[in-house]
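Data first, discussion second: the structure below is written as structure tokens.
The values are calculated or read from the model by the stated rules, or taken from the named source; none is laboratory data. Here the structure is a predicted model, which is why all the values come from computation and not from measurement. Here the Cβ positions follow ideal geometry from the backbone for every residue, glycine too, while neighbour counts run over all protein chains shown. Heads up: the accessible areas ignore ligands, DNA and RNA and are worked out on the full protein's heavy atoms, side chains in. Shrake-Rupley method; radii C 1.70, N 1.55, O 1.52, S 1.80 Å.
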Amino acid sequence: MSSQTVLIVDDHPLFRDALEMTLATVQSGTSSILKASSLKAAQECLQSEMVDLVLLDLNLDDTDGLDGLIKLKSAANCPPVFIVSASDATDAIRQARLLGADGYIPKSLGMEQLSLALATALKGENWFPEVQAEQDDEESPAARLSSLTPAQRKVLAYLADGLLNKQIAYEMGISEATVKAHLTTIFRKLHANNRTQALLVYKDATVI
């Protein structure tokens, strides 16, 4: 297995260190490990470094639930993102998959399963815990959110951060008219009549 760069986004130093040690045991080559304790730091790292894999904790001071996943995955050329979470709830795993996670690693996994999950991630494959088979509700908030394009998700994420159309246009390097067009499509896909309703869907989809 060739050398890869892994970004660990977790504000618990002990768990970051544990992940790093486990990665060393499953990676035959030399991995470059980068660490970030916030979503903002992770986003800055991805802009300046070539990263092959992101291990993202959901319990960060500047994110709420799966909000961080959406923000990372809406960025251009985002590497695979594996959620690393204290929650092993079936609904959380399904939501993460719907919203674009490439894998989901509960922190409660034993060493053998954790090693298997990380080895799978390093091979560029998806890994999710086995959950009881159940058809996803196409009308669920997460399913509706999954129908958005990366650009539309980014617009909605900025909207959730409280940005106005003009500010969103500046951040994304597009016109206000394009932002409005995105919002029109977002409202339709989310079955929302306005910003408030769209943000309620976003909140329901990202909470775990």
Q. Which of the residues belonging to the stretch 36-53 are part of a helix (DSSP H, G or I) and of a type in the set (A, V, I, L, M)?
A. L39, A41, A42, L46
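For every residue, the table says whether it meets (1) out of contact with any strand residue (DSSP E or B) (no Cβ under 6 Å at 6 or more places or on another chain); (2) at pLDDT below 95; (3) part of a strand (DSSP E or B).
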| site | (1), (2), (3) |
| --- | --- |
| D11 | yes, yes, no |
| A18 | yes, yes, no |
| M21 | yes, yes, no |
| A24 | yes, yes, no |
| S28 | yes, yes, no |
| L34 | no, yes, yes |
| L55 | no, no, yes |
| L60 | yes, yes, no |
| D64 | yes, yes, no |
Q.
Of the residues L60, L72, L109, only one is surrounded by 15 or more Cβ atoms within 10 Å (Cβ to Cβ) and free of Cβ contacts under 8 Å to residues at least 24 places away in the same chain; which?
A. L109
(Q) From the list Q167, Q152, exactly one residue is of a type in the set (S, T, N, Q), surrounded by fewer than 17 Cβ atoms within 10 Å (Cβ to Cβ) and either in contact (Cβ under 8 Å) with a residue 24 or more places away in the chain or closer than 19 Å to T196 by Cβ (or both). Which is it? (A) Q167
Q.
Which condition from (1) open to solvent by 70 Å² or more (accessible area, probe 1.4 Å); (2) at negative phi is the one that L183 breaks?
A. (1)
Q: Could you check, for the stretch 41-52, whether at least one of its residues is in contact (Cβ under 8 Å) with a residue 40 or more places away in the chain, acidic (D, E), under 23 Å from S115 (Cβ atoms) and surrounded by 17 or more Cβ atoms within 10 Å (Cβ to Cβ)?
A: yes
Q: Within the stretch 124-131, identify whether any single residue is more than 15 Å from the chain's Cα centre (by Cα) and under 23 Å from A76 (Cβ atoms), and answer yes or no.
A: yes
